[in-house]
Amino acid sequence: MKLVSAIIKPFKLDDVREALSEISVQGMTVTEVKGFGRQKGHTELYRGAEYVVDFLPKVKIEVAIADDSLDAVIEAISGAANTGKVGDGKIFISTLDDVIRIRTGETGAEAI
């Protein structure tokens, strides 16, 4: 089992959710986060004063999947989140040792 975490631009969330639904991903966790990579923030003007925005708003999506779904999930996320510009985000893949569904006590792939 794998945990796929993707950091994407907020306006791409619906596109990514739809792309994952099309390949039958059943659940995901979405968190609003802030950060920066190569974008390094930007300068904005507010009431005549310039200030630096160091951390940009992003969305973090986490999906627990079976090993055989990994390639399809990566392809769906990258295709839906891609704008071709700096700041599109990143996908991180981690190995899950175990998953336990609290309600039923199911473990492993059955709990996903």
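The values are calculated or read from the model by the stated rules, or taken from the named source; none is laboratory data. All figures in this text were calculated on a predicted structure; none of them were measured in a lab. Ideal geometry is used to build each Cβ from the backbone, glycine not excepted, and the neighbour counts take in all protein chains shown. The protein model used for the area step is the full one, side chains on, heavy atoms only, and it has no ligands, DNA or RNA in it. Shrake-Rupley method; radii C 1.70, N 1.55, O 1.52, S 1.80 Å.
Details
- Matching residues in the range 65-105 - criterion: being modelled with pLDDT of 95 or more and among the small types (Gly, Ala, Ser): Ala72, Ala76, Ser78, Gly79, Ala80, Ala81, Ser94
- Residue ID - nearest to Val25 (Cα to Cα), chosen from residues in the range 82-112 that are under 16 Å from the mean Cα position of the chain (by Cα) and of a type in the set (D, E, K, R): Lys90
- Taken over the range 12-41, the criterion of being within 11 Å of Lys60 (Cα to Cα), touching a Leu at 6+ places or on another chain (Cβ under 8 Å) and open to solvent by 40 Å² or more (accessible area, probe 1.4 Å) is satisfied by Met28, Val30, Lys34.
- Count of the range 71-105 residues, restricted to those that are in contact with a helix residue (DSSP H, G or I) (Cβ under 9 Å, 6 or more places away or on another chain), within 30 Å of Phe55 (Cβ to Cβ) and part of a loop (DSSP other than H, G, I, E, B), is 3.
- Selection within the range 1-27 - within 14 Å of Ala64 (Cβ to Cβ) and of a type in the set (Lys, Arg): Lys2
- Residue list for the range 50-70, filter: of a type in the set (A, V, I, L, M, F, W, C) and either in a loop (DSSP other than H, G, I, E, B) or open to solvent by less than 50 Å² (accessible area, probe 1.4 Å) (or both): Val53, Phe55, Leu56, Val59, Ile61, Val63, Ala64, Ile65, Ala66, Leu70
- For the range 18-41, taking the residues that are touching a residue at least 40 places away in the same chain (Cβ under 8 Å) and not in a loop (DSSP other than H, G, I, E, B), the one that is farthest from the chain's Cα centre (by Cα) is identified as Glu22.
- Restricting the first member to the range 76-102 and to residues that are over 15 Å from Lys60 (Cβ atoms), and the second to residues that are assigned to a loop (DSSP other than H, G, I, E, B) and among the polar types (S, T, N, Q), the beta-carbon pairs closer than 6 Å and six or more apart or on different chains are Val86/Gln39.
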